[in-house]
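Q: Here it is, the structure, as structure tokens.
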Amino acid sequence: MSESILYHEGNRRLQDQFDSRPIADRLETVTTRTAFTTADTAFIESMPYFFLATADADGRPDCSFKGGQPGFVRVAGPGELAFPDYDGNGMFKSLGNVLVNANVGILFIAMHGKPRRLRVNGTATVSRDDPLLARTVGAQLIVRIQARAIFPNCPRYIPTMELIEPSVYAPQAGSDPPEPGWKSADEFRDWVPQRQPTFKG
């Protein structure tokens with residue numbers, strides 16, 4: 001390949017040491033895309049969680065778990081994802097990073113049923129004025145990701161696990177989620193802000 005959207009000089013050095021550049025290039029050619037397929041959309045919108053990697057302005061990384069009811073992540077355009085930010089711990093580690101470094105990586109991983117992994121690398125924006133706020137239960141912000149590269153990963157090392165039930169804290173239409181226990185602990189309760197008003201469904 002003349003130019004890669006996936007690989008940089010560091011990737012190439014290791015690929016050359018392990019003689020894997022040809023298969024790496026083939027995987028990029030065959031599997032990497034910038035628009036979501038019908039199968040990608042069905043998988044993403046069925047997931048109750050994903051992992052979000054961000055970095056600050058100095059490149060220091062952070063990785064967080066994001067969860068909700070299936071469908072809380074939407075494919076909003078050919079190469080665009082949208083998901084809500086719910087009430088959390090107030091640190092804003094991931095979304096604060098996005099404000100100073102828009103580059104993100106997302107991993108959707110099914111560790112129950114048929115193992116599957118899908119990765120999305122792109123750029124993110126965060127909004128308090130997004131039209132989705134008015135119809136997304138529990139959302140205090142909306143995050144949109146414009147995909148630069150969408151590609152599957154081999155699921156061979158995913159352990160077989162079972163999904164028992166969704167989190168009781170994931171917002172649902174018509175009910176308020178309970179407050180987590182840590183917010184009432186002596187060392188935190190006097191500093192916890194009021195929840196932001198959100199769409200209830």
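Derivation of every value follows stated rules applied to the coordinates shown; laboratory data play no part. Fair warning: this is a prediction, and the values are worked out from it, not measured in the lab. Heads up, the Cβs are rebuilt from the backbone with ideal geometry, glycines too, and the neighbour counts pull from every protein chain shown.
Q: Springs between alpha-carbon atoms under 10 Å, Gaussian network over the chain: tell me which of ALA102, ALA173, ALA35 tops the mean-square fluctuations.
A: Largest GNM mean-square fluctuation: ALA173.
Q: Under 8 Å for C-alpha pairs, at least 6 residues apart: give me the relative contact order for the range 1-72, rounded to a whole percent.
A: 23
Q: Tell me which lysines have Cα within less than 21 Å of LYS200's Cα, excluding those fewer than 8 residues away on the same chain?
A: Output for LYS200: LYS66.
Q: Go ahead and estimate [θ] at 222 nm for the chain from helices alone: -39,500 (n - 2.57) per DSSP H run with n ≥ 4, summed, over the residue count, rounded to 500.
A: Calculated mean residue ellipticity at 222 nm is -5500 deg cm²/dmol.
Q: Measure nothing but the geometry: give the 0 to 90° angle between the long axis through the Cα atoms of 21-31 and the longest principal axis through the Cα atoms of the chain, rounded to 10°.
A: Helix 21-31 and the main axis of the chain meet at about 50 degrees.
Q: For the chain, modelled as a Gaussian network with Cα springs under 10 Å, which listed residue fluctuates most, PRO178, PRO115, PRO84?
A: PRO178
Q: Choose one of GLY71, THR38, PHE92: the residue whose Cα lies farthest towards the positive end of the charge dipole of the range 34-191 (beta-carbon charges +1 Lys, Arg; -1 Asp, Glu; about the Cα centre).
A: THR38
Q: Show me the ranking of peptides 157-169, 85-97, 3-15 by mean Cβ neighbours inside 10 Å, starting with the highest.
A: Top of the packing list down: 85-97, 3-15, 157-169.
Q: Here's something else I'd like to know. Using unit Cβ charges (K, R positive; D, E negative) and no other charged atoms, how large, in debye to the nearest 20, is the dipole of the chain about its Cα centre?
A: Dipole magnitude for the chain comes out near 480 debye.
Q: What is the gain in length, in nm to one decimal, between GLU165 and ALA35 on full extension, counting 0.36 nm per residue of separation less the C-alpha to C-alpha distance?
A: Length gained between GLU165 and ALA35: 43.7 nm.
Q: What relative contact order, as a whole-number percentage, does the chain give when Cα pairs under 8 Å and 6 or more residues apart are counted?
A: Here the relative contact order equals 20 percent.
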